[in-house]
Amino acid sequence: MLTLGIETSCDDTAAAVVLDGTTVLSSVVQNQDDLHAPFGGIVPEMASRRHLEVITPVVARALDEADCSLSSLDLISVTAGPGLLGSLLVGLSYAKGLSYATGLPLVPVDHIEGHLMTLEIAGGTPLPAVALISSGGHTTVFNLKRDEAPTILGSTLDDAAGEALDKAAKMLGLGFPGGPALEKAALGGNPTALALPRPMSGSRSLDFSFSGLKTALFTYLKRQGYFDQTIEGRQLPMSVADLAASYQNAVVETLLERCFAAATACNTAHLIIVGGVARNTLLREQAARMGDDRGIEVHYPPHHLCTDNAAMIAALGYRERHKAASDPMTINAYSTKALKARRTAAGGK
Ligand code: KG4
Ligand code: ZN
């Protein structure tokens, strides 16, 4: 069964063709980094306009690279949310149009659940497991069990981890997207040079909070008079490598403390980390060390499946093909989380 996946929830326009939910025949991702870089963050209106410009060639390329045509497809799967509403509507409307024109069934899927499919595509998801999705918009820990819907153990109360990295990188003038820029700047830096808080550390809750960390960096820089200087002439109060390394370390430690607490609470032998932040080398190395100490195996998708892509959307659509809309024209996009997961007792709530 051939599924065409379409993903436009944020600033990546993506299309993919996946065979039987696991074999990726093509996966095309066109990012918008050039467009948003001058602003140091995503400008939603510009993101949706760019999606509109490139969605047709991106889908055409995905079909071409998979060596198939619309008539050989069996199913279309599209991200309905959560994400930027204007961006989501481009992919969703395009998918509705394709479905109407071809008669193909259309399955609306959840972006976050899509990220949870990435290990499946990469060879299989070890279950039962605890899974962290850490991206620019989401930081949530799930309990995954065979043949059961994922349940939420903890989630961020404010900023996502990727967002915290992006905002710090912007403050430090490192460019966009911030996560990889900060990681590069941190090379050779001293991770203990600046004492930063570990928000909610020691709390029994499995929730996260990152806004205090961002504020701590802001307050430090402000006290040092950093923001009193002209933007072009700004001098950091300590080396950018030390600042970036200290901040990255605080984010990684905060993420991992909760993940391993969740894995221990669920008594699971597997921890899965997905989403854009899962590309981070420090996170991977530190998680591997912590996992070794605790007898917990840590799993990641390959780099290209960590960040947003449509292969994960096609894979999820295939799995949820029984949920194809009876009238695709009535599908709505949603901006905030509508995951049907429930919090469990292990989530401390
Ligand atoms: O999953 P994703 O592509 O999009 C969302 O669903 O948000 O994740 C993007 C996020 C951004 O915040 C970006 O800064 C972060 O992932 N990211 C990284 C790295 N690569 C991407 N964060 C830390 N280290 C990286 N190497
Ligand atoms: Zn994502």
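The values are calculated or read from the model by the stated rules, or taken from the named source; none is laboratory data. The structure presented is a predicted model; accordingly, all values stated were derived computationally and were not measured. Here the Cβ is made from the backbone with ideal geometry for all residues, glycine too, and neighbour counts use every protein chain on show. Surface areas here come from the heavy atoms of the whole protein model, side chains and all, with no ligands, DNA or RNA. Shrake-Rupley method; radii C 1.70, N 1.55, O 1.52, S 1.80 Å.
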Original post:
On the given criteria, is Ala161 closer than 30 Å to Asp228 by Cα, of a type in the set (Gly, Ala, Ser) and within 16 Å of ligand 2 (Cβ to nearest atom)?
Top reply: yes
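Listed here are the residues, each with its yes/no results for (1) free of Cβ contacts under 8 Å to residues at least 40 places away in the same chain; (2) of a type in the set (D, E, K, R); (3) touching a Cys at 6+ places or on another chain (Cβ under 9 Å); (4) not in a loop (DSSP other than H, G, I, E, B).
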| position | (1), (2), (3), (4) |
| --- | --- |
| Arg146 | yes, yes, no, no |
| Glu163 | no, yes, no, yes |
| Ala168 | no, no, no, yes |
| Gly189 | no, no, no, no |
| Ala193 | no, no, no, no |
| Leu196 | no, no, no, no |
| Met200 | no, no, no, no |
| Ala216 | yes, no, no, yes |
| Tyr220 | yes, no, no, yes |
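Residue by residue, here is whether (1) part of a helix (DSSP H, G or I); (2) open to solvent by 50 Å² or more (accessible area, probe 1.4 Å); (3) closer than 20 Å to Val28 by Cβ holds:
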site	(1), (2), (3)
Glu257	yes, yes, no
Met290	yes, no, no
Pro301	no, no, yes
Ala325	no, no, no
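Condition check ((1) more than 24 Å from the chain's Cα centre (by Cα); (2) of a type in the set (D, E, K, R)) across all residues:
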| site | (1), (2) |
| --- | --- |
| Met200 | no, no |
| Lys214 | no, yes |
| Lys222 | yes, yes |
| Gly225 | yes, no |
Original post:
Mind checking which pairs have a first residue in the range 1-17 that is closer than 11 Å to Met312 by Cβ and open to solvent by less than 10 Å² (accessible area, probe 1.4 Å) and a second that is of a type in the set (Phe, Trp, Tyr) and part of a loop (DSSP other than H, G, I, E, B), Cβ under 9 Å, 6 or more apart or different chains?
Top reply: none
**OP:** Would you be able to say whether some residue in the range 160-168 is open to solvent by 10 Å² or more (accessible area, probe 1.4 Å), away from ligand 1 (no atom under 14 Å from the Cβ) and basic (Lys, Arg)?
**Re:** no
Original post:
Can you tell which of Gly179, Gly136 is within 16 Å of ligand 2 (Cβ to nearest atom), under 24 Å from Ala16 (Cβ atoms) and assigned to a loop (DSSP other than H, G, I, E, B)?
Top reply: Gly136
Original post:
Any residue in the range 196-219 that is farther than 27 Å from Val141 by Cβ and open to solvent by 50 Å² or more (accessible area, probe 1.4 Å)?
Top reply: no
Original post:
Residues in the range 84-104: is at least one under 20 Å from Thr22 (Cα atoms) and within 16 Å of ligand 2 (Cβ to nearest atom)?
Top reply: no
Subject >> All helices (runs of 4 or more DSSP H) inside the range 24-124 with 2 or more residues being more than 13 Å from ligand 1 (Cβ to nearest atom) and touching a residue at least 40 places away in the same chain (Cβ under 8 Å) >> reply: 44-65, 85-102, 118-121
Subject >> From Ile296, Ile273, residue being crowded, with 24+ Cβ neighbours inside 10 Å and under 25 Å from Gly124 (Cβ atoms) >> reply: Ile273
Original post:
If you scan the range 302-327, which residues turn out to be charged (D, E, K, R) and within 12 Å of ligand 1 (Cβ to nearest atom)?
Top reply: Asp308
Original post:
Any idea which residue in the range 139-158 is surrounded by the most Cβ atoms within 10 Å (Cβ to Cβ), counting only those that are charged (D, E, K, R) and at negative phi?
Top reply: Asp158
**OP:** Among the residues of the range 251-278, write down those that are within 16 Å of ligand 2 (Cβ to nearest atom) and either farther than 15 Å from His138 by Cα or among the β-branched types (Val, Ile, Thr) (or both).
**Re:** Ile272, Ile273, Val274, Val277
Original post:
Taking the range 303-312 as the region of interest, how many residues are surrounded by fewer than 21 Cβ atoms within 10 Å (Cβ to Cβ) and either over 20 Å from Ser77 (Cβ atoms) or touching an Asp or Glu at 6+ places or on another chain (Cβ under 7 Å) (or both)?
Top reply: 1
